[in-house]
1. Report whether or not T56 is closer than 27 Å to F174 by Cα, of a type in the set (S, T, Y) and either at pLDDT 90 or above or buried (at least 21 other Cβ atoms within 10 Å of the Cβ) (or both).
2. Residue pairs, Cβ under 7 Å, 6 or more apart or interchain, first in region 15-28 and closer than 14 Å to E236 by Cβ and part of a loop (DSSP other than H, G, I, E, B), second among the polar types (S, T, N, Q) and open to solvent by less than 70 Å² (accessible area, probe 1.4 Å). List them.
3. Here are K142, K122, K133: which of them is open to solvent by 40 Å² or more (accessible area, probe 1.4 Å), of a type outside the set (V, I, T) and under 17 Å from D231 (Cβ atoms)?
4. Within the set of pairs 6 or more residues apart or between chains, which connect a residue that is over 18 Å from Y89 (Cβ atoms) and assigned to a loop (DSSP other than H, G, I, E, B) inside region 139-163 to a residue that is open to solvent by less than 30 Å² (accessible area, probe 1.4 Å) and of a type in the set (D, E, K, R) with Cβ atoms less than 7 Å apart?
5. Based on this model, can you work out whether F164 counts as more than 19 Å from V124 (Cα to Cα), open to solvent by 10 Å² or more (accessible area, probe 1.4 Å) and among the aromatic types (F, W, Y)?
Amino acid sequence: NLRIICNRGEYNVRKNLLPMGVLGLSLTPKAHVVSTLVCETGRKALVITNDEANATRICADLVTMGLKAYLFPATDRNFHTGESRSREYERKRLGVLGLVAENNYDAVVCSVEAAMQLTIPKKVLTEKSVTLKNGADVELDKVVNALVSAGYVRTDMIEGEGQFALRGSILDFFPPDSGQPVRVEFWGDEIDSIRSFDPESQRSIENIEEIRIYPAGDFPEEEANRVSFLDYFDREETI
């Protein structure tokens with residue numbers, strides 16, 4: 001009985017009677033157990049599956065159940081160099097790491113392979129991030145330099161994640177953790193407006209008061225300092 005399993009799981013988590021095993025469930029009931037534990041205990045969840053296909057399905061189920069759940073993909077193993085090398089998975093990983101660092105999530109789902117791949121330390125991720133707030137005084141050049149430092153690529157018009165474009169006092173950029181690009185308009189050194197927009201029609205979607213810009217590229221100079229993905233999680237607050 002799934003309800004009994006969820007109730008028992010909640011009790012064990014609250015009493016810290018861990019580790020705990022639940023066997024014989026298919027993917028959707030597994031997601032149901034995770035969702036129930038997160039909602040009833042107030043803890044975050046890290047779900048590690050045997051492969052990325054199952055991770056994707058469980059993540060989709062958790063989103064359907066109302067959680068802020070994110071898929072942490074494995075690094076794209078593309079051995080080509082230069083511009084031909086895909087950065088899609090790298091950007092998605094950094095976007096999820098940013099959300100975890102800011103505690104802005106309910107659950108993260110990944111495969112064993114993704115969990116075992118090393119990544120940049122949380123401190124480096126935080127240092128490479130920048131916050132923009134509506135009405136704040138900030139020099140446009142400093143924001144542009146921060147984007148370049150965070151791995152964003154400048155283009156004439158943004159078409160995908162990890163790009164930014166500058167036209168006069170209008171700055172567009174596409175964060176790796178967002179479904180839409182963001183437009184920031186400056187009035188001198190003051191941020192006049194921040195809003196998401198449709199890249200095809202250029203129409204505004206939603207006004208934004210504050211946004212945290214996470215890195216959109218990896219940092220080869222930090223190769224020797226890489227840490228486990230698991231280091232991003234508070235062991236006492238995560239199930």
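The values are calculated or read from the model by the stated rules, or taken from the named source; none is laboratory data. All figures in this text were calculated on a predicted structure; none of them were measured in a lab. Quick reminder, even Gly has a Cβ in these numbers, built from the backbone with ideal geometry, and neighbours come from all protein chains shown. What goes into the accessible areas is simple: the full protein's heavy atoms, side chains included, and nothing from ligands, DNA or RNA. Shrake-Rupley method; radii C 1.70, N 1.55, O 1.52, S 1.80 Å.
1. When the stated conditions are applied, T56 passes them.
2. L18/N12
3. Of the residues listed, the single one that is open to solvent by 40 Å² or more (accessible area, probe 1.4 Å), of a type outside the set (V, I, T) and under 17 Å from D231 (Cβ atoms) is K122.
4. I158/D172
5. No.
Table: residues versus (1) modelled with pLDDT under 90; (2) more than 22 Å from the chain's Cα centre (by Cα); (3) of a type in the set (V, I, T).
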{"site": "K133", "(1), (2), (3)": "no, no, no"}
{"site": "V138", "(1), (2), (3)": "yes, yes, yes"}
{"site": "V148", "(1), (2), (3)": "yes, no, yes"}
{"site": "I170", "(1), (2), (3)": "no, yes, yes"}
{"site": "F173", "(1), (2), (3)": "no, no, no"}
{"site": "D177", "(1), (2), (3)": "yes, no, no"}
